[in-house]
Structure formats: structure tokens, C-alpha cells
Amino acid sequence: MAKKIFIKYNPYRLQTEITIDGKPVKQNSKFNVGEKRLQEWIDKLPEYVEEEFNKSDIEIVFYGTKLDYEDLKEIADEANIKTEYRPAKEGVANKEAAIQAVFEKIQNGPIDDLKSPDVIRAFKQAQSNDFEVSVVATMSSGKSTVINALLGKKLMPSYNQACTATITRIKDNDSNEYTAKVFDNDGNVLKEISRLTYEHMSTFNKENISKIQVEGDIPFVDANDTNLVLVDTPGPNNARNKKHQTTTFNALNDSPKTVVLYILNATQLATNDDNVLLSSVAENMKSGGKRSHDRFIFVLNKLDLYNPKEESISEVLDKAKEYLESNGIKNPNIYPASALTALNIQTILASEVVDDDDDEVYDAIGKVKKFNKNKEFHFENYAPLQKSRQERIDLKLKQAISNNDIKKQAFIHSGIPSIEEAISLYVEKYAKTAKIKNIVDTFENRLESADTLAKLQKQMASNKEEQEKLAKKIEFIEKNINDGNQAKKYKEKIESLNADKELEDGKNKIIRDAQKLVRESLLNAVCKIKLEK
């Protein structure tokens, strides 16, 4: 008879419940995963199963979100473990908006300690934390073109020199106009630009400019949903500013708040600078399980330069995989792309009327035809996306074919939409759930802090009505104690009654009720997934 493992997982609270044949797992079992994110241990699932049961007849029933189930199923399928999915019903679709509503309700409520400026600041900070996508590459990889393709606009210039010398942060605010603040090496604002252009950015890679903060539209995300920031990082061979080298390597450090978009030149894979960066990537991918694996997205750019009659795209991808694995990176997520094709479709071919005699236009039209005609260049088919995200890409392509939109078809084939889905997937699976947990923890920790309890106790103790009740009770007891005939009887009654304990219990009940009110509002009404069958 098959062993049945039941896993119930809530990513918004990092709560995992596991039973085996209906019984809780043993204390020393590897299945006691604690408050770990599912993706931090799920790659060890086959190992845990073998150690626990030493048999192959296993069935796992998973109860949670679809994205988390897809991660579990991928690992289970590789180990020939049967799985069954029971979807969780989330009571609130837009949890961030619901949390905001509860926060406003609490701010108008009776608990003063939850209305203090520091609590408001903590909530706002948790709500507005930026999520960074650090774009990392060495020379001639097409990094700037990839960023421009993600922006749908030619904004970042390409440099012939060794690498970008400035750090550019592009924060999404859904505005069609881009603005910028330019900083020197001492952090002083050199200039502010209300309408940023490619020409402005081309002049900024100067020695006295250290950082550029840009705000504008990143089309594939919604600013109300995610505070996404694209970070163009300096390469490791930047000799101008050693601090910038540190910034680049820090971006590789294991942090769930940062996705690393590592750009590789398909026509020139092996470089010394790549070896330096990739060794750091490999080190960071050793810890954190699947989550660490997911946060590194390798973009194999310039694949359109290959002739599939001489070498297939699959062979080129295999070589890239071998190259990364030779640098210690196991089973890398490699996304094939032609960023230039995607960018040209969004810019020079965006107009309904184009000049066919223009060389750039002529080349761009040729690429559209090439990508649509040759299935070898349907890069979306090679992308290692989760099933649900691949289905979204397939649907977009189906709609483009139905509308006879050849430019949209070629854009999807370019691989850039698949990369956008990979970034969005990480945001939804990790960043958004962490953000919600952080917001709720802010309230819980504050509510349960010593200061809060002390203040509530003090408020209770200062309640005149309760004080009067206590005084009368004490007076009555003391009176009877002084009556010699009743002394022994009432002394025994005092010992059993314990008036101080009774009052303390009353105070604690009020405190518990206050905690319960806020906790239920936050967890049940907002972000504790109602895992109902």
C-alpha cells in the first residue's frame, strides 16, 4: 500500500503542515521543515522520502497555491513520485489592498499603540520596499540592449569601452515620461532631468558621475503591484571605481529581494571576467535550494546571429549549459534571446508606416520574417518557464497569430517576453509573499511587544471602575478576616480565590481579546490563505 504524504503550505505565513498516513511527522523527521519557504527544501524531497521510507510506492497530496505545486511536481516527477493537487481558495485576490484597508481600520481603532508614528513608518516601509533586478554582464554581451528591450524604449546607451562606469537604477512608476537624478561620487545631486532621453544618458558615463536614479515605465509590471527596479550594474573590469565593483558582487549575494539577470554573449561565451563573476554566482547558488536557483536568470543573447543550418539552437544552448556547469553552476535557467530584434520591433517598427529604404528598418523587417518563418528561432520554446507561465506565452502567441500580427509574433519568438515572465514569476512567488508576511509581522510583533502589553496593563489598572470593584472586594474580605468567628473561613477562601490573580486574569483577558481582534483582521481577513477544500 502506498504511503500518503499530505503537505499543506501557506507561502504568505511560511506555514507548512505535513502528515504521513494521517499522522504528524516524527520529531526527528527531515519533514519537520519549520518556517522555511517551500522552495528552500523541496529539492531535497527525494532524499527525505528515501531516508524516511526506503520504498518507491509514495503518493504526495499537496494543498496550496498552483505556483508552489508546480515546483513540487517538477521535483517529484524527476523522482517518479506520484502527486495530487488540491488547490487552495484564496479569500482575497488583492491582498495588498486588503491589508491597506485593515491598516486604515486599525489606525481609527481603540489601540493607541498601533497608531504611533513608528508603527506607521514600519508599515509604509514594508509596503514600499523596492524589488531589484540586477542586470549583470561582461563586455559586449548586449546588456544595455536587453534593458532597453525590457523597457520597450531605447534609453540605455551601449559603450565600446570596457564596461558601464555608472550605476543606473530604473524604478517603475508607470509614467510614459522618464525622469532622472544624477549624483556625483559624494552623493550630491548634480542635475535633475524632467524628460530623460537617450541623448542625456549617452553623456552620463563620466568620471564625476557615480549614480543615476531614473523613474518611468517598465511595461511588463504594474507599479501598483510591484516596486520593481532594474539596476544596470558596472562590470567587474571597471577600474574607475572599486566601490562599483563591490556593488556588482553584492548584487550576486544570496538575497531573496534581488533577481540577477546575467547576460551572456552567445557568440563569445568564455571570458576571464565571466569566470570571476560566475564563480561568485556558483557560490551563492549552493545555499537556499530552489529559491537561490530561481533568482539567477541567464540570458543567452545574440542567438539570432547563428545560422541554424550550421549549428542548431539546441546545440548552442547545450554548449552554454556545459560552459556554466564548468564554472560550478548546476542546471542553470538559460533563456535564449535576441534583445536587438525585440527592441527594434518595439521602436523602429512600432509605427504603422515605416521607411523600407532605411537600412535599420530593412534589417528589422528581415529579422521579423526570419523569426516567424524559422521554428529554430522560436526562442520561447526553449525557455525553462513553469507550465502556467509557458501557457500564458502560448496564449499570447495564439492571439497574435489570430490577429495576423506578425510583429507581435516575432517579438514573442525573440525570447524577451519569456524573460519578463520569469521575472514576474519570481516576484509573485517570492517577493510578494515575503512583502505580505513582512507587513503582517510588523503588526504582530508590535502588538505582542512588551511595551504594548505594559501599556494595555497600565490602561486596565487605571480603570476606575475595576479599581473600585477590587477595593470593595478587599474591604469586604478584610472586614470578615477581622471577625474572629469568620477569620479562618475567609482566610481559606482568600487562598482559593486569590483576588490579585483574579484581577490579573481579567487584565490578561482584555489583552488577549485586543490581540485576537487585530490578528483575526490581519490574518483571516487579509493574507492568511483560507485553505479550504
### Task
Filter the cross-link list K143/K369; K367/K408; K89/K429; K95/K432; K115/K435 down to pairs whose alpha-carbon distance in this structure exceeds 18 Å.
K143/K369; K115/K435
### Summary
Gyration tensor on Cα atoms of region 129-438, a ≥ b ≥ c root eigenvalues, a/c under 1.5 rounded, else prolate if a/b beats b/c, else oblate, says rounded
### Summary
Protection proxy (average C-beta count within 10 Å per residue), highest first, orders 300-308, 399-407 as 300-308, 399-407
### Task
First select every other residue whose beta carbon is under 11 angstrom from the beta carbon of A180; then total the charges, Lys and Arg +1, Asp and Glu -1.
+3
#### Entry: Protection proxy ranking, peptides 317-323, 331-337, average beta carbon neighbours within 10 Å, highest first
331-337, 317-323
### Charge tally in the Cβ shell below 10 Å around I348, where Lys, Arg are +1 and Asp, Glu are -1, I348 excluded
-3
### Query
Within a Cβ distance under 15 Å of I365, other residues only, what is the Lys/Arg minus Asp/Glu net charge?
-4
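Just so you know, all these numbers are worked out from the coordinates, no wet-lab data involved. In this text the structure is predicted, and so the values were computed from the model without any measurement. Neighbour counts run over all protein chains shown; Cβ positions are idealised from the backbone, glycine included.
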